[in-house]
Each structure stands twice: as C-alpha cells, then as structure tokens.
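Report on the structure given below.
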Amino acid sequence: MSADIVDTARGGGRAVSLTFDDGPNPTDTLRLLTVLRRHRIAAVFFLCGEQVEAHPEVVRRIVANGHSLGNHSMRHDDMTSWPPDRIAADLRETNEVIRRAVPLARIRYFRAPYGAWGATPAVAASLGMQPLGWRLAVGDWEPPGTDELVRRLLDGVTPGAVVLMHDGGGDRSQSVDAVDRIAPVLRARRWRFTLPHRQV
C-alpha cells in the first residue's frame, strides 16, 4: 500500500467521491444512509473509535448498505507530533474496535483528524490502509446553512474530487439535507459517484 495521500475519485472524468468524517452518529448517520441509498451512492465513512464503541449497530448498518470504511483514529486527536509507534497503537486499536462491531470488516482508508498528517501516512499504509485526503471541504462543521452547503458543493466540485463532509461531531442535519439536494443535480449534469482511488 502506498503512503501517498490520495485525493482522487476512481474512474476519471466527471467522477466524484463523497466521504463523511467523525461518525457514527445515530441520528444523522442513519438518515444519511437513507439518502445515499435513495440516490444509489456508495460513500466512505471515516469512523472514530469512541463513536464506534458507543454505536456499533450504526457501523453494521453502514456496512450492510454497501459503503466503505475508513479509520479516523480513536478519539480524533491531533497526531502531528506523535511518533510512529504511538500512531500505530491508536490505529490498531481503532481497527480492533471497528472489527468488534463488524467482524472481518475491510478498513480500506485512513484520514488524519484535522488533516494533521505528521507521520500517519506511512503508518496507515503499513497497516494496509490508503491515506485519503480531499480536494473539496465545504466547511459543514460550522454549519453554514443547507443552502450555502449546496452552493459550495455545486460550485466547488471538480473532476475526480474527493469531497470531505461530516456525519458526526455535532448536528449534521444540514449536511444530510445538502447531499439529498445535490445528488440529483449532479447526476443530471452527468456526474458519477464513485469510491476514492487506492494505490496498491
């Protein structure tokens, strides 16, 4: 597995990947799963270990709905200055927690909390996970209102972009509503929703 931080969607051209950080969060994640199913979109969910421990049933629903999983650390700590052994311990613990919820889960990706990568890409790659960045972050952690999120998504998407959004870490109802609104618009504009690229 390459330690390069990937930020591109598979398939080239008018392809886009949706990714969601900081969950699982029962209220918004479950509603998001309904929206994604309705629009036939497969996404990546970057899970925080503490949230997985609190809501394992939501992780099972994510996997049952055909989405991919990513490791987003146990407690959403800034790992910039952490040595590799401490990073590895955290990532392994997170993977173990995820696999307790979903035995044999395939955890394909890693994303550093806050985008504070430090030594994490090489460690994640050594554990078989692709470090995944993004090309478009719409600032839904603020949150700025659904209309503004829709505008940022439709104006900001570029061919092959990985989009960073959130389904946890607070009230993410605006993010869910924005996905529901932009999906049919992008499809009408001949965009395709794909998973992110992985470098073997």
* Structure fact -> Connecting every pair of Cα atoms under 10 Å apart in the chain and solving the GNM, the largest mean-square fluctuation among 81, 17, 175 falls on 81
* To do: Quickly work out the residue 158-to-residue 99 label distance, labels modelled 7 Å from Cα along the C-beta direction, and quote it in nm with one decimal.
  => 3.8
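Between residue 89 and residue 141, what length in nm is gained on full extension when 0.36 nm per residue of separation is reduced by their alpha carbon distance? Mind showing how you got there, number by number?
On the way: separation 52, 0.36 × 52 = 18.72 nm, distance 2.77 nm.
Taking residue 89 through residue 141 to full extension adds about 16.0 nm, to one decimal.
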* Using θ = phi - 60° and Karplus 6.51 cos²θ - 1.76 cosθ + 1.60, couplings along region 75-87 (whole Hz; Gly, Pro as x) -> 10, 6, 7, 6, 9, 3, 9, 6, x, x, 5, 5, 4
* Asked: If amide H atoms are built 1.01 Å from N in the plane of the peptide, which residues on other chains or at least 5 residues away come under 5 Å of the amide H of residue 195?
  -> 10
* Structure fact -> Unit-weight point scatterers at every alpha-carbon of the chain, Debye formula, q = 0.08, 0.18 1/Å: log10 I(q)/I(0) is -0.23, -1.25
* Asked: Between residue 130 and residues 5 or more places away or on another chain, which pairs have amide H atoms under 5 Å apart, with H built 1.01 Å from N, and which residues are they?
  -> 109, 110
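When only Cα pairs under 8 Å and 6 or more residues apart are kept, what is the percent relative contact order across the chain? Please list the in-between numbers first.
Details: 436 pairs, mean separation 73.7, N = 200.
The value is 37 percent.
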* Amide H neighbours of residue 137 under 5 Å, at least 5 residues apart or on other chains, H built in the peptide plane: list them. => 164
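Using a cut-off of 12 Å between beta-carbons, work out the net charge of the residues near residue 44 (Lys and Arg +1, Asp and Glu -1, residue 44 not included).
Numbers: positive: 10, 106, 108, 111, 198; negative: 21, 167.
Local net charge: +3.
FYI, it's all coordinate maths here, none of it is from the lab. Note that this is a predicted model, so its numbers are computed, not measured. Using ideal geometry, Cβ is built from the backbone for each residue, glycine included, and neighbour counts are taken over all protein chains shown.
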